[in-house]
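First up is the structure itself, then whatever we jot down about it.
What follows is calculated from the coordinates using simple rules that are stated; it is not laboratory data. Everything numeric here is computed off the predicted structure, so don't read it as measured data. Quick reminder, even Gly has a Cβ in these numbers, built from the backbone with ideal geometry, and neighbours come from all protein chains shown.
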Amino acid sequence: MQSFREADTTARNRAMNYFASHQRLWLFGYGSLIYKVDFPFLQRRPAVIRGWERRFWQGSHDHRGTPAAPGRVVTLVESADAFCRGMAFEITPDVFEHLDNREKNGYLRVVVDVQFADGACEEALVYIAGPDNPAYLGPASEADIAAQINHAIGPSGLNRDYLLHLADALRDLGAEDAHVFGLERLLRKQG
Ligand code: SIN
């Protein structure tokens, strides 16, 4: 079995220079980046990306769990007819110094098209943890995912709070997400 340390994507993300010549660029956040904004930004705008859906399929050994008892956090999974609502942040490239470290447990920078409420489109970077990264946990039943989230805790706090904050942030955005809200209902029942 591969060690979760091999999931460290910092070097690969640092080598990703798609927007290297840009003074400012868009970052699309769909998970904790929506509600835990510990980085500077120039402006933020609700946005949507098409062909992707949010899933609690990524393991968290570094933020919301431990190597012995990983938590679950969101990643994006390709799905032709799906769309994912989130928040786009316009940032300067130096912000990646912090973001690559924060998202290092399996997430890679990927280029996507984001669309804003007024219909305008821009290219953006999004952090996605694909199925080939060692921290990937993949699908499980809603009950199993909720139970794992309910018990996990890591250096960034309770895994449960990650989910509840995300659900609140999605409601604030007016975003429907059956997966997240279904898990939220189960968690609130489990107390
Ligand atoms: C994101 O929020 O866009 C990436 C996943 C996370 O950090 O929760």
From a point 7 Å beyond the Cα of Ala68 in the direction of its Cβ, which residues of the range 118-158 have a backbone N at a distance under 15 Å? 152-155
Mind ordering 16-23, 45-52, 28-35, 169-176 by average Cβ neighbours within 10 Å, highest first? 28-35, 45-52, 169-176, 16-23
Given a Förster distance of 22 angstrom, what is the FRET efficiency for Ala82 paired with Ile153, based on the Cβ-Cβ distance and rounded to 0.05? 0.10
What shape does the range 4-190 have by the C-alpha gyration tensor, where a ≥ b ≥ c are the square roots of the eigenvalues, rounded means a/c under 1.5, and otherwise prolate means a/b greater than b/c and oblate the rest? oblate
Sort the range 101-149 into rounded, prolate or oblate with this rule: let a ≥ b ≥ c be the square roots of the eigenvalues of the Cα gyration tensor; rounded if a/c is under 1.5, and if a/c is not under 1.5, prolate when a/b is larger than b/c, oblate otherwise. oblate
Alpha carbon centroid spacing (whole Å) that separates the range 92-137 from the range 156-184: 19 Å
Cα gyration tensor shape of the range 98-191, rounded if a/c is under 1.5, else prolate or oblate by comparing a/b with b/c: oblate
